Amino acid sequence: MKYNKLNSVCVAVLGALLSLTVQAEDLVISEPVNSNSKFPINGNGENVVIDNGQQKGVFFNLPGEFEILAPNKSISISGKSTAVYVSEFKTGISATVGSLDTENVNLVSLAGQDATDAYCAVIGGGFSNQLSVLGKNISLNLNGTFGKEVYGIENTGFTAVIGGQTTESLTITVADPNASNLVGVHLKSNYGDPANVKLLATEIAVDAFNAFNVQDSSSVLTVGDSSTQKITINSERAIQNTAGTVSFDGTVIDIDANSQGVLNTAKGTVVIGSDQTQDLDILIGNQTNSRGVEVSTGASTTLSGQNISITGGDIGLLVDGEGSTLDISAVTNLNMSSQRSVINQGGSVKLGSADTVQLSISSGSAQDFAVSSTAKTLNEESGEYLWGTTDIKAQNVVIKGANGVFTNRSHTTIDAVNDLTIYASEGFAVQVQGNDEQKVEDDRTSTSLSAENIKITADKGTAIGAFSNGLLTVSGNLEVNAPTAIEARGNSTVNVNTDASKGYKTVINGDVVYGVGPGTGKVLDAQVNLNLSGEDSHWTGNVVTVVPESDTQTVQNMNLALENGAQWNVTGSDLSTDEGFKAAYANINTLALNAGVINMDAEGAPESVTVEKLEGTGGTINARATVQADGTIKSSTLTVGEVVADKPLAMAVNYKGITSDALTAENTKDLKALDI
């Protein structure tokens, strides 16, 4: 059925119910009555029903302005392939379906009932034309047996505004969410004309296998604004953007996707949420390789909201490649929980700010790190790598997983105003690794941890690991609990509260281990600088080396400072090793002792500790002493190779385990806890 100049007036004055049923061909709206007027299909305040069971419901085909109106009631348009289509071959078309006062607009595509149609959409078109759909309640629906390409909205180069200031609900539903060829909203400029879609309503809901798919740099998708209360997406893949510009805004944004929440590539821009957003939730199905947010090839993604949650999935956040950025700094509470929560491969990641109250990251994987920042390999043969930068900041930060934080050829900074907690149930709580044992001070792999209070725990493994010229700096009231508190090698550096002026408390429970072997670097030495200050500071553990039996390397840069009543509780360690290896206690290369205390009286502690260079003003040694069967006394001994001091050290020695009754003139000669 084709309406043209001859019968357009008749159409405009139809009665209260306008019903058009077409079975033969498209309903083609050709042109207005004259060049200065609009072509109206008006239900005079009641209902408009257009039903075409063969092809398109309404086809706007020639230049002009067109309106399909039902000011107070409803408009229903359906077609076998497309409900509303704006020509992609003729320009100058401006079409409006509904008005601000229309109660309901229902657009339906039967979507190829014989499953042979190559193209099906509720709304389609292109060529820089314009389409507005207005009404208080708007629904776009596809149902039937689907064709090859099926869309809720297919925009190949025109401007479509669906909804407006009076729209209360806007829904886009594509039946059969398991069909991978179904797309809720698709933007792609086929002929160079910008594709622009804007969805506006108080509540917006999209249900489709692929909810949003935006392609090419001229495509712009806008979903919601500051007046939108809720956006709901239910899909297999929620938001896919390739080079386009995408923005979502609303009070509540819920993204429920089975395999992909947000994918942004090819220098695309995605902004989800604003300072008006209260809750942004991204929930991902727990299937292999499922991802919450992925940013690659120079794309930029920003998430904002008071409360942001990214949960489920194999990978929570993945940033990959040069120029790729992810910014989730405008957030009050950020919660992430996936098998692998944060992976940065050569990109830039910013999580939280000083205004963020709580930032929590947890990993469910039995072997991976909760936070991983690594380089992207550009050319392995020539050694070209693209380093990543990961910045995490909040008033309180909690990171938990089988392994905690990993940095490799990248930079990681974690800054908590109040409390920072890092926990590993299996391996490393914090690991920094440069993959190059050559000692280089400039631009080395680094991890920096700072907070008022820092707690690092590794139940079964290592709290802090630094390898291959890696640099790890810790500043704050620190508590470390692990079988191995610190493991280092390969010219790496570990600095723990080296600025004594800040007065931080340091509590370390666990050994410092230097080790090399098959699968590791070959250089044993690394610089470990531990500064303990104040009576509440103490280290309970020892220094151990683990090397192959033929290895003769020794530690050269184990440096310990004990000040103002800080204590080192020397303990015995498990020196058992695998076959072909040997373990031994290592020397303290430099000990700065300024009113510090060394306790050598613990059961099982080694009988001697060697300090190669002793600095400072002096301190106290509490030594273990036992009376032998022959009446002699055997005590633990601190052996010092060199003293470097402006004036003689003041050393106090206390012997634990004996009383004055056991002393004789002869055996007191055996008491030598300090051997300089």
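The values are calculated or read from the model by the stated rules, or taken from the named source; none is laboratory data. As the structure is a computational prediction, the values presented were derived from the model and not from experiment. Counting neighbours? That spans all protein chains shown, and the Cβs are built from the backbone with ideal geometry, glycine included. Note: areas computed on protein heavy atoms with side chains; ligands, DNA, RNA excluded. Shrake-Rupley method; radii C 1.70, N 1.55, O 1.52, S 1.80 Å.
In the stretch 489-504, what residues are within 31 Å of the chain's Cα centre (by Cα) and not β-branched (Val, Ile, Thr)? Outline the logic, then answer.
Step one: of the stretch 489-504, the residues within 31 Å of the chain's Cα centre (by Cα) are 489-498, 504.
Those that are within 31 Å of the chain's Cα centre (by Cα) and not β-branched (Val, Ile, Thr): 489, 490, 491, 492, 495, 497, 504.
Given the structure, is residue 261 at pLDDT 95 or above, in a loop (DSSP other than H, G, I, E, B), surrounded by 18 or more Cβ atoms within 10 Å (Cβ to Cβ) and in contact with a strand residue (DSSP E or B) (Cβ under 6 Å, 6 or more places away or on another chain)?
Working: at pLDDT 95 or above: yes; in a loop (DSSP other than H, G, I, E, B): no; surrounded by 18 or more Cβ atoms within 10 Å (Cβ to Cβ): yes; in contact with a strand residue (DSSP E or B) (Cβ under 6 Å, 6 or more places away or on another chain): yes.
For residue 261, the condition - at pLDDT 95 or above, in a loop (DSSP other than H, G, I, E, B), surrounded by 18 or more Cβ atoms within 10 Å (Cβ to Cβ) and in contact with a strand residue (DSSP E or B) (Cβ under 6 Å, 6 or more places away or on another chain) - is not met.
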Original post:
Considering 608, 573, which residue is within 26 Å of residue 525 (Cβ to Cβ) and open to solvent by 50 Å² or more (accessible area, probe 1.4 Å)?
Top reply: 608
Original post:
Could you count how many residues in the stretch 148-157 are at pLDDT below 90 and in a loop (DSSP other than H, G, I, E, B)?
Top reply: 1
Original post:
Taking the stretch 321-362 only, how many residues are charged (D, E, K, R), under 11 Å from the mean Cα position of the chain (by Cα) and within 21 Å of residue 300 (Cβ to Cβ)?
Top reply: 2
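Results for (1) over 26 Å from residue 367 (Cβ atoms); (2) of a type outside the set (A, V, I, L, M), shown as yes or no for each residue.
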| site | (1), (2) |
| --- | --- |
| 301 | yes, yes |
| 313 | no, yes |
| 322 | yes, yes |
| 330 | yes, no |
| 338 | no, yes |
| 343 | no, no |
Original post:
Which of the residues spanning the stretch 208-234 are modelled with pLDDT of 95 or more and under 18 Å from residue 139 (Cβ atoms)?
Top reply: 211, 212, 223, 224, 228, 229, 230, 231, 232, 233, 234
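Could you tell me which of the residues 477, 509 is more than 25 Å from residue 394 (Cα to Cα), assigned to a strand (DSSP E or B) and free of Cβ contacts under 8 Å to residues at least 60 places away in the same chain? Walk me through how you get there before you give the answer.
Numbers: 477 fails: more than 25 Å from residue 394 (Cα to Cα).
None of the others qualify; the one that does is 509.
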**OP:** Report, by residue number, each residue of the stretch 158-196 that is in a strand (DSSP E or B) and buried (at least 24 other Cβ atoms within 10 Å of the Cβ).
**Re:** 160, 162, 170, 172, 174, 182, 183, 184, 185, 186, 187
Subject >> Selected residue (criterion: most open to solvent (accessible area, probe 1.4 Å)) from residues of the stretch 611-644 that are among the hydroxyl-bearing types (Ser, Thr, Tyr) and not in a strand (DSSP E or B) >> reply: 632
**OP:** With a cut-off of at least 3 residues that are closer than 23 Å to residue 357 by Cβ, name the strands (runs of 3 or more DSSP E) lying wholly within the stretch 281-322.
**Re:** 300-303, 305-312
Subject >> Unmet criterion (only one of (1) in contact with a Ser or Thr (Cβ under 9 Å, 6 or more places away or on another chain); (2) of a type in the set (D, E, K, R); (3) part of a strand (DSSP E or B)) for residue 647 >> reply: (3)
**OP:** From 662, 629, 650, 625, grab the single residue that is over 15 Å from residue 608 (Cα atoms) and modelled with pLDDT of 70 or more.
**Re:** 650
**OP:** Can you give me the ranges of the strands (runs of 3 or more DSSP E) entirely in the stretch 44-120 with at least 1 residues that are open to solvent by less than 60 Å² (accessible area, probe 1.4 Å), modelled with pLDDT of 85 or more and touching a strand residue (DSSP E or B) at 6+ places or on another chain (Cβ under 9 Å)?
**Re:** 56-60, 64-69, 74-79, 82-86, 93-97, 104-109
Original post:
Going by the conditions given, is residue 393 at pLDDT 95 or above, among the basic types (Lys, Arg) and farther than 21 Å from residue 367 by Cα?
Top reply: yes
Original post:
For the stretch 515-531, how many residues are at pLDDT 95 or above and within 32 Å of the chain's Cα centre (by Cα)?
Top reply: 5
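Among the residues in the stretch 376-390, are any farther than 19 Å from residue 336 by Cβ and touching a residue at least 60 places away in the same chain (Cβ under 8 Å)?
Step one: filter the stretch 376-390 for residues farther than 19 Å from residue 336 by Cβ, giving 376-387.
If we keep only those that are touching a residue at least 60 places away in the same chain (Cβ under 8 Å) as well, we get 386.
Within the stretch 376-390, one or more residues are farther than 19 Å from residue 336 by Cβ and touching a residue at least 60 places away in the same chain (Cβ under 8 Å).
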